[in-house]
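Scroll down for the structure; my scribbles are underneath it.
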Amino acid sequence: MKFVIQRVTQASVTVNQEVIGEIQKGFMVLIGVSDSDNEEIADKMIRKMTGLRIFEDQDGKTNLSLADVDGSLLLISQFTLYANCKKGNRPSFIEAGKPEKANALYEYIIKKCKDIVPIVETGSFGADMKVSLVNDGPFTIVLDSEQL
């Protein structure tokens, strides 16, 4: 499982010219799922993500978590995080989870995050989405379950 976490001052996702998810201060998270992922791995990733202390405190040090700043989440499914570009110039996506499994884990992640974070917005699994964000910093972190 892979999470690309961007600290944002605002972010939104649009489908068919309609904004379906929008947050202010918080994390915009792209979520990639592989076939080897499961709920236990998702739980570990969620704990790590929500516990990250990457917001600045009064001294300008990255010392505060999402909860400390009343931050929100915008969670977006992104199978292209599993692009394999080793051969040729056309990426292969065979390492990405099958849609049924990926969607089930994406929905699981959303549900679990809603138990932790007061405001959780989402994209639409499998849809053509337009994502807009203002990356704060910029500050971007990649969490890979194989490295945790």
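The values are calculated or read from the model by the stated rules, or taken from the named source; none is laboratory data. A quick note: this is a predicted structure, and the numbers were derived from the prediction, not measured. Reconstructed Cβ throughout: ideal geometry from the backbone, glycine too, with neighbour counts over all protein chains shown.
Details
- Extreme residue, farthest from Lys48 (Cα to Cα), among residues of the stretch 103-117 that are out of contact with any strand residue (DSSP E or B) (no Cβ under 7 Å at 6 or more places or on another chain), in contact (Cβ under 8 Å) with a residue 60 or more places away in the chain and of a type in the set (A, V, I, L, M, F, W, C): Leu105
- All of (1) free of Cβ contacts under 8 Å to residues at least 60 places away in the same chain; (2) more than 15 Å from Ile110 (Cα to Cα); (3) in contact with a Lys or Arg (Cβ under 7 Å, 6 or more places away or on another chain); (4) not basic (Lys, Arg) hold for Ile54 with one exception: (1).
- Members of the stretch 134-148 found to be over 19 Å from Val13 (Cβ atoms), surrounded by fewer than 16 Cβ atoms within 10 Å (Cβ to Cβ) and among the polar types (S, T, N, Q), listed by number: Gln147
- Unique match (being assigned to a loop (DSSP other than H, G, I, E, B) and either more than 17 Å from Lys2 (Cβ to Cβ) or touching a Cys at 6+ places or on another chain (Cβ under 7 Å) (or both)) among Gly60, Gly21: Gly60
- From the options Phe79, Phe27, residue that is out of contact with any Pro (no Cβ under 9 Å at 6 or more places or on another chain) and in contact (Cβ under 8 Å) with a residue 12 or more places away in the chain: Phe27
- Against the criterion of being outside any strand (DSSP E or B), within 15 Å of the chain's Cα centre (by Cα) and farther than 16 Å from Gly126 by Cα, Arg53 does not qualify.
- Residue in the stretch 117-133 that is farther than 24 Å from Glu18 by Cα, loosely packed, with under 13 Cβ neighbours inside 10 Å and at pLDDT 95 or above present: no
- Qualifying residue in the stretch 18-34 (condition: of a type in the set (A, V, I, L, M), surrounded by fewer than 18 Cβ atoms within 10 Å (Cβ to Cβ) and under 17 Å from the mean Cα position of the chain (by Cα)): yes
- Filter result for Asp43 (of a type in the set (Asp, Glu), loosely packed, with under 14 Cβ neighbours inside 10 Å, without any contact (Cβ under 8 Å) to a residue 24 or more places away in the chain and on the phi < 0 side of the Ramachandran plot): no
- Residue within the stretch 81-100 that is of a type in the set (A, V, I, L, M), touching a Gly at 6+ places or on another chain (Cβ under 6 Å) and in a loop (DSSP other than H, G, I, E, B) present: no
- Candidates Lys101, Lys87 - the one that is over 21 Å from Glu22 (Cα atoms), of a type in the set (Lys, Arg) and within 19 Å of the chain's Cα centre (by Cα): Lys101
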